[in-house]
Amino acid sequence: MSDGQFFDILRQGLWLAVQISAPILVVALITGVAIGLFQALTSVQEMTLTFVPKLGAMLAVFWISMGFMTEGLTTYFADTLIPMIGGM
């Protein structure tokens, strides 16, 4: 395997990691900003107010996007890594 092939496979894997983690991270960011804005406007400084809704939103998005994540990882392994390991 040449250096170019190695870095191309590594780049594909990192891009897949970004694609898989983006929905959860975006929802966590939006939920955190919304709750922070609510806390700043109402002067409510409850720690569980930030944690519980953010966790619930992240779990809901994870549940919804689980098929997309599994399909992406399966495709990456089947099309890229397994043929490379098998020498095909």
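Points to keep in mind about this one:
- Taken over region 9-35, the criterion of being touching a helix residue (DSSP H, G or I) at 6+ places or on another chain (Cβ under 8 Å) and farther than 18 Å from Leu59 by Cα is satisfied by Ile9, Gln12, Gly13, Leu16.
- Every residue from region 77-88 that is at negative phi and loosely packed, with under 11 Cβ neighbours inside 10 Å: Ala78, Ile85, Gly86, Met88
- Leu49 vs. criteria surrounded by 11 or more Cβ atoms within 10 Å (Cβ to Cβ) and modelled with pLDDT under 90: yes
- Scan region 57-76 for residues that are exposed (fewer than 13 other Cβ atoms within 10 Å of the Cβ) and under 18 Å from Arg11 (Cβ atoms) and the total you get is 1.
- Selection of region 26-46 for residues being aliphatic (A, V, I, L, M) and exposed (fewer than 13 other Cβ atoms within 10 Å of the Cβ) yields Val26, Leu29, Ile30, Val33, Leu37, Ala40, Leu41, Val44.
The values are calculated or read from the model by the stated rules, or taken from the named source; none is laboratory data. Being a predicted model, the structure only gives us computed values, none of them experimental. FYI the Cβ positions are ideal-geometry reconstructions off the backbone, even for glycines, and counts take in every protein chain you see.
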